Every structure is written in C-alpha cells, then in structure tokens.
1. Take Ala102 and tell me if it is in contact with a Pro (Cβ under 8 Å, 6 or more places away or on another chain) and either within 17 Å of Thr218 (Cβ to Cβ) or not assigned by TED's automatic domain parsing to the domain that holds Ala223 (or both).
2. Do we have any residue at all in region 89-98 that's under 20 Å from Pro8 (Cβ atoms) and part of a helix (DSSP H, G or I)?
3. Taking the condition in contact with a strand residue (DSSP E or B) (Cβ under 6 Å, 6 or more places away or on another chain), surrounded by fewer than 19 Cβ atoms within 10 Å (Cβ to Cβ) and not small (Gly, Ala, Ser), does Ile52 pass?
4. Out of (1) exposed (fewer than 15 other Cβ atoms within 10 Å of the Cβ); (2) free of Cβ contacts under 8 Å to residues at least 40 places away in the same chain, what's the single condition that is false for Glu91?
5. Could you name every one of the strands (runs of 3 or more DSSP E) located completely within region 1-65 that has at least 1 residues being of a type in the set (S, T, N, Q)?
6. Say whether the condition of being within 10 Å of the chain's Cα centre (by Cα), among the hydroxyl-bearing types (Ser, Thr, Tyr) and assigned to a helix (DSSP H, G or I) is met by at least one residue in region 105-113.
Amino acid sequence: MNLFFTPPDRVGEKELLIEGQESSHLVKVLRHRQGDLVQVTDGSGNLFQGSIISARSDSTRVTILSRETKQKRSPSITMCIGMIRKRDRLEYAVEKVTEIGADRIYLFHGDHSEKAGLRIDRLESAALSAMKQSLSCWLPVISHFKNLKQAVEQGDETAVLIAADETISGFDGCYSVTQSENFTLVVGPEGGLSEAERNYLKSRDAGFISLGANRLRTETAAAVMCDRFRNRC
C-alpha cells in the first residue's frame, strides 16, 4: 500500500486532511475514491490507517481508523554535509540519507565548497519522496548553515561527533559505536575538509574515520557514513 503524507497540523482526533500535490497524486494518478483505505504519516513518527470520506485533487478527507506511534529510532543521527555545486547530486545525497534513516540533515558551506545555489524546497521534496518510498514515518529536518562550525553547534552537545576523513585509515577516536545513542556525522564537500575545519573538529573531540580505500564523492560518502552508523557496522 502507498504511504501518503500530511503535516501534524492537518491531523485531528477523528479525521485528517491530505492537501496539495499529495491529494492530487492520490486522486488523479492512483485513482483513489470515497471508501478506499489509505495509510498516512505525519513525518513525526505517527502512522494512520484510514478510510477516504471525500477525495478531490486539492484536498482529501480521511476518517482515522487507527493510529500507531513508531518507536523513536536509535541511534539518533545528524548528517552534516558539505555543499555540492550540482543540484541533482545534492538532492541525491538528501534522498539517500533519508532512506537510510538520518534524523536531521545540516548542509554547510565548507572552506573547499564551490559556490552553489540552494533550494530548500526541492531538497524537502526529495526527502519527502524518499521517506514515503522507504515506508518510514520520520521526515528529517533540513537546515542550511554558513559554515561547519555553525552546523555542528546547532546539533546536540551530547552527540558523538565523527567526521569522514580520506587522509587516514581505520578509525581515529575513542568512542564506542555500539554504546552511543546520538551521533553527529560530518562529510566534507568535494574538496574535502580544510586543515582549519579538521582542527576545529579536533577541538570538539571529534573522531575521524576512513570510509574505505577508494575516494568517494560527497553524496556517496554521506550515504555510506549514514548507513554505517545507523546500522552500527
């Protein structure tokens, strides 16, 4: 069954409302009608099973038959990703870390980042599509920062801070991946992390990890990094 999305403020005690493109897709593409059963998430961990009361291209009303609150994912993961100049590759990075299970996506302009435009609305759309495709009920928060320091300091101070670093082999740090419940993971832009950025991370007691012998593109590194810590491998 397809998964649909509606924001938390469109969910009531007995009914919920699906609007905009979600409703248009439900009616015009999937041809749902009154009485059809649908499943809907609010992106905040809640899953609703419901029956369509009325279906229009601009809005669809659904009676809530059941609701389930999913257990919060552990560990909690914040992905800090250096800006990528090509928009499609940045959207790919957001899509993949959403599918894998990032809770927050912080984009930052690194010292080695190339100048790039940013459309948060397109990235949010990519994340929404990935959440539904993966049948997840958690929609990551996407934020943009001027530099790495701002992105890291926006995160949880109790999080274990780990950065991907192609200049090392193995893991340089003193943290237990199996015991930690909160990670802030850093992947630099195409030019990698600068010496100043590495020194800043060291001042924050960050660990550094190699993602393998081959040099990875930023979007690939972000997916590998997220998967490694989401699945604690």
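The values are calculated or read from the model by the stated rules, or taken from the named source; none is laboratory data. Worth saying up front: this structure is predicted, and the values here are computed from it rather than measured. Every residue, glycine among them, receives a Cβ derived from its backbone with ideal geometry; neighbour counts consider all protein chains shown.
1. Working: in contact with a Pro (Cβ under 8 Å, 6 or more places away or on another chain): yes; either within 17 Å of Thr218 (Cβ to Cβ) or not assigned by TED's automatic domain parsing to the domain that holds Ala223 (or both): yes.
For Ala102, the condition - in contact with a Pro (Cβ under 8 Å, 6 or more places away or on another chain) and either within 17 Å of Thr218 (Cβ to Cβ) or not assigned by TED's automatic domain parsing to the domain that holds Ala223 (or both) - is met.
2. Looking for residues that are under 20 Å from Pro8 (Cβ atoms) and part of a helix (DSSP H, G or I), one finds at least one in region 89-98, hence yes.
3. no
4. Every listed condition holds for Glu91 apart from (1).
5. Details: elements: 3-5, 15-19, 37-41, 46-55.
In region 1-65, the matching strands (runs of 3 or more DSSP E) lie at 37-41, 46-55.
6. First, the residues of region 105-113 that are within 10 Å of the chain's Cα centre (by Cα): 105-106.
Next cut, among the hydroxyl-bearing types (Ser, Thr, Tyr) only: 106.
Add one more test, that the residue is assigned to a helix (DSSP H, G or I), and what stays is none.
Checked against the condition, which is being within 10 Å of the chain's Cα centre (by Cα), among the hydroxyl-bearing types (Ser, Thr, Tyr) and assigned to a helix (DSSP H, G or I), region 105-113 yields no hits at all.
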